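S.K.: Below you'll find the structure I mean.
The values are calculated or read from the model by the stated rules, or taken from the named source; none is laboratory data. Since the model is a prediction, treat every value here as computed from it, not as a measurement. No Cβ is skipped: glycine too gets one built from the backbone with ideal geometry, and neighbour counts run over all protein chains shown. Remember, those area values only see protein heavy atoms, side chains included, never the ligands or the DNA or RNA. Shrake-Rupley method; radii C 1.70, N 1.55, O 1.52, S 1.80 Å.
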Amino acid sequence: MASGRWVFGGAVLVLLLALSVHAGAYEVWVTNQRFDKVQILDGQSLKIIAEIPVASKPHNVTFSPDFKLAYIASVGSNDFTVIDAVTKKVIKAVPGGKTCHHVAISPDGKWLLVSNPGEHTVMLYDAKSLERLATIEVGKNPAMAVFSKDGQTAYVSNGGDATLSVIDIKNRKVVKSVPNIGKGAMGLVMSTDGAKILVTGGGENKYTLVETATGKILIDVVSGKEAHGVALTPDAKFALVPNRQSGDVSVVDMATGKIVYTIANVGDKTDIIDVSPDGKRAFVTLRGEAVTGDPAMTTGKEPGVSVIDVPGRKVVTKVSLGGDPHGVAVRP
């Protein structure tokens, strides 16, 4: 009888452990521009669990709000690829604009907004039908976009003229342009209340915090050398900013806009960043033999992903991937 209770208890323990591991499971999707594919890592083991061929020079990856679909913008083929993120199968390649750079998704999953730096436009799509609804001229070299919480407004970072374009989605037009964001404006994230946006301006080695209601610049801070990507921690209290040329990550308090500490020695040519669902790990792409951008500035010696212990403020390991890793996004 005692033996039977032990066996039953042991089975329950194994089940609970399995559920615990599953609950903490997540994937890390990396776009590799040299190999024209998406490399998917298991978030726990950091082993490659799948590779998906896509169009030329896949640049950035984003997910639908339910994480069932992935959108891969490809700067070499001027399109974006829609992938079933569950089955890891390509659904469709959709024509975009010149040097299609990033796909933003509205919080309700209704709209897609695609940034095209090669033609200074963004394109609005119906996310369900993938029909293009409008092409909107913005500032020079638009890099990325983010929607407001209600999906009615979008904000676009324009690296070529250091502006932030504000778009009225319903009327499909720019209603405001915020100047002096920083040359090379690229990554951007919004505070949870929608009141502020942080934009990186790597050409001026800084980031800028903007008040969305007025377009007023709240704070302008020198970061490391060439601030590029940015991601929020799950609690949205901090923004993590990789600095491509100094190889470190600035940790920014979203309430004050100030750097609270810097994680040093992250890697050579730190680029884009995302954070695990529990906030304990951050994943930073390290460029390789650059196939986009200025090779003299972006070619790195250790192509892969640097893994940061966020609470411990240090790098714990690096995953070698080869090629030219660029975009990264975590899928729960």
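S.K.: With N set to the number of residues, divide the alpha-carbon radius of gyration of the stretch 234-304 by 2.2 N^0.38 Å and report two decimals.
M.R.: Compactness ratio reported: 1.17.
S.K.: Just the C-alpha atoms of the stretch 193-287: what Rg/Rh do they give, with Rh taken as the Kirkwood radius?
M.R.: Checking Rg against Rh, the ratio lands at 0.96.
S.K.: Separate question: Using +1 on the beta carbon of Lys and Arg, -1 on that of Asp and Glu, and nothing else charged, what's the dipole of the stretch 61-156 about the Cα centre, debye to 20?
M.R.: Numbers: 10 positive and 9 negative charges, 43 e Å.
Value, rounded to 20: 200 debye.
S.K.: Once the Cα atoms of the stretch 122-165 are picked out, what are the Rg and Dmax in Å?
M.R.: So, for the stretch 122-165, Rg and Dmax equal 11.3, 33 Å respectively.
S.K.: Which value in Å is the Kirkwood Rh of the stretch 263-332 over different Cα pairs?
M.R.: Values: mean 1/r = 0.0825 Å⁻¹.
That comes to 12.1 Å for the stretch 263-332.
S.K.: Report the equivalent ellipsoid semi-axes for the stretch 83-123 in whole Å, largest first, defined as the square roots of five times the eigenvalues of the gyration tensor built from alpha carbon atoms.
M.R.: Ellipsoid half-lengths, sorted descending, are 21, 14, 7 Å.
S.K.: Follow-up question, since we're still on this one. Of 128/149; 68/314; 183/258, which ones are farther than 23 Å apart at the Cα?
M.R.: Violating the 23 Å limit, Cα to Cα: 68/314.
S.K.: Also: Quick check: Cα centre of the stretch 137-158 to Cα centre of the stretch 50-121, how many Å?
M.R.: Distance between centres, Cα-based: 16 Å.
S.K.: Add +1 for every Lys or Arg and -1 for every Asp or Glu among the other residues with Cβ under 11 Å from the Cβ of residue 224, and state the total.
M.R.: Here the charged neighbours net out to +1.
S.K.: Residue 26 versus residue 264, label points 7 Å from Cα toward the beta carbon: distance in nm?
M.R.: In this crude spin-label approximation the distance works out to 2.8 nm.
S.K.: Taking +1 at the Cβ of each Lys and Arg and -1 at the Cβ of each Asp and Glu, which of 41, 24, 104 sits farthest along the dipole of the chain towards its positive end, judged by Cα position relative to the Cα centre?
M.R.: Farthest along the dipole direction, towards plus: 24.
S.K.: Can you work out the accessible area per residue across the stretch 20-79, with the rest of the protein chains kept in place, probe 1.4 Å, in square angstrom?
M.R.: That works out to 40 Å² for each residue.
S.K.: Note down the relative contact order for the stretch 254-332 as a percent, whole number, built from C-alpha pairs under 8 angstrom at least six residues apart.
M.R.: 31 percent
S.K.: Another question about this same structure. Is there a quick way to get the dipole size of the stretch 93-205? I mean about its Cα centre, with the Cβ of Lys and Arg at +1 and of Asp and Glu at -1; what is the value in debye to the nearest 20?
M.R.: So the dipole magnitude of the stretch 93-205 works out to roughly 80 debye.
S.K.: Put +1 on the Cβ of every Lys and Arg and -1 on every Asp and Glu Cβ in the stretch 143-276; which of 153, 250, 276 then has its Cα farthest towards the positive end of the dipole?
M.R.: Positive-most Cα among the choices belongs to 153.
S.K.: Something else now. Quick one: net charge around residue 254, please, counting Lys, Arg +1 and Asp, Glu -1 for every other residue with C-beta under 14 Å from its C-beta.
M.R.: Here the count lands on -1.
S.K.: If I model a spin label as a point 7 Å beyond the Cα along the Cα-Cβ vector, how far apart are those points for residue 137 and residue 280 in nm?
M.R.: The two pseudo-label positions are separated by 5.2 nm.
S.K.: Run lengths n ≥ 4 of DSSP H only: what is the helix-derived mean residue ellipticity at 222 nm for the chain, with -39500 (n - 2.57) per run over all residues, to the nearest 500?
M.R.: Numbers: 2 runs with 26 residues, N = 332.
Calculated mean residue ellipticity at 222 nm is -2500 deg cm²/dmol.
S.K.: For the charge dipole of the chain, defined by +1 on Lys and Arg C-beta atoms and -1 on Asp and Glu C-beta atoms about the Cα centroid, which residue among 139, 305, 171 has the Cα displaced farthest towards the positive pole?
M.R.: 305
S.K.: Let me check against my output: what whole-number percent is the relative contact order of the stretch 198-249, with C-alpha pairs under 8 Å and at least 6 apart?
M.R.: Values: 106 pairs, mean separation 15.3, N = 52.
Reported as a whole number, the value is 29 percent.
S.K.: Where does the charge balance sit around residue 332 when Lys and Arg score +1, Asp and Glu -1, over other residues with C-beta under 12 Å from its C-beta?
M.R.: Net local charge, residue 332 excluded: -2.
S.K.: Taking the Cα atoms of the stretch 86-152 alone, what are Rg (to one decimal) and Dmax (as a whole number) in Å?
M.R.: Considering the stretch 86-152 through its Cα atoms, Rg and Dmax are 12.1, 37 Å.
S.K.: Please state the Cα pair-distance histogram of the chain with 10 angstrom bins from zero: what percent is in each bin?
M.R.: 6, 27, 36, 21, 5, 3, 1, 0
S.K.: Considering Cα pairs under 8 angstrom that are at least six residues apart, work out the relative contact order of the chain and quote it in whole percent.
M.R.: Working: 1011 pairs, mean separation 37.3, N = 332.
Once normalised by length, the contact order is 11 percent.
S.K.: Expressed as a whole number of Å, what is the distance separating the alpha-carbon centroids of the stretch 245-259 and the stretch 184-219?
M.R.: 12 Å
S.K.: Related question: For 111, 29, what's the largest-to-smallest order of accessible area, 1.4 Å probe?
M.R.: 111, 29
S.K.: Separate question: Evaluate the stretch 176-230: find the radius of gyration of its Cα atoms, find its Kirkwood radius, and give the ratio Rg to Rh.
M.R.: 0.95
S.K.: Starting from the stretch 118-219, pick out the trypsin sites (Lys or Arg not before Pro) whose DSSP state is loop and whose Cβ has at most 11 other Cβ atoms within 10 Å.
M.R.: For trypsin sites (Lys or Arg not before Pro) across the stretch 118-219 that sit outside H, G, I, E and B with at most 11 neighbouring Cβ atoms in 10 Å, the list reads 128, 170, 216.
S.K.: Would you report the distance distribution of C-alpha pairs in the stretch 128-207 as whole percents per 10 angstrom bin, up to the bin with the largest distance?
M.R.: Reading the bins upward from 0: 20, 50, 26, 4.
S.K.: Treating only the Cβ atoms of Lys and Arg (+1) and Asp and Glu (-1) as charged, compute the dipole magnitude of the stretch 218-301 about its Cα centre; round to the nearest 20 debye.
M.R.: Charge dipole of the stretch 218-301: 140 debye, to the nearest 20.
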